[in-house]
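Student: I have a structure here, written as structure tokens, and I will follow up with some questions on it.
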Amino acid sequence: MKRSTAPKTAKAGVLGKLPVVILPLEDYQRMAEDLEMFSSKTLPRRIEKARKEVRTGRVLTLAEVKKKLRLL
């Protein structure tokens, strides 16, 4: 499920003659993080590779990973 980056409590205003938007810091930080992810050149390739691995069954369960790492 895609998480929306649109802030729910943003307010538009004017500071002097400059139009501004005021929003909670948490919303701004989430939007900045999303923008950084979306501008990544490698992220889309890594996501597609991971999705292909899931489709072809090349995945391990958590129990299998723990066993391989001797964490059980």
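Student: Across segment 11-68, how many lysine pairs, 8 or more apart or on two chains, come within less than 26 Å at their alpha-carbon atoms? Spell out each step's value before the answer.
Tutor: Details: Lys41/Lys49; Lys41/Lys52; Lys49/Lys66; Lys49/Lys67; Lys49/Lys68; Lys52/Lys66; Lys52/Lys67; Lys52/Lys68.
Number of lysine pairs found: 8.
Student: Next question. Report the residue, chosen from Leu25, Leu43, Leu60, that carries the largest GNM mean-square fluctuation when the chain is represented by alpha-carbon nodes joined by springs under 10 Å.
Tutor: Per the Cα network of the chain with a 10 Å cutoff, Leu60 tops the list.
Student: How far is helix 43-55 tilted, in degrees, relative to the longest principal axis of the Cα atoms in the chain, given as a value from 0 to 90 rounded to the nearest 10?
Tutor: Long axis of 43-55 versus the principal axis of the chain: about 40 degrees.
Student: In vacuo Debye scattering of the chain, one point per C-alpha: log10 I(q)/I(0) at q = 0.14, 0.26 Å⁻¹?
Tutor: Those come out to -0.73, -1.10, one per q.
We did not get these values from a lab; they are worked out from the coordinates using the rules stated. Nothing here was measured: the structure is a model prediction, and the numbers come from that model.
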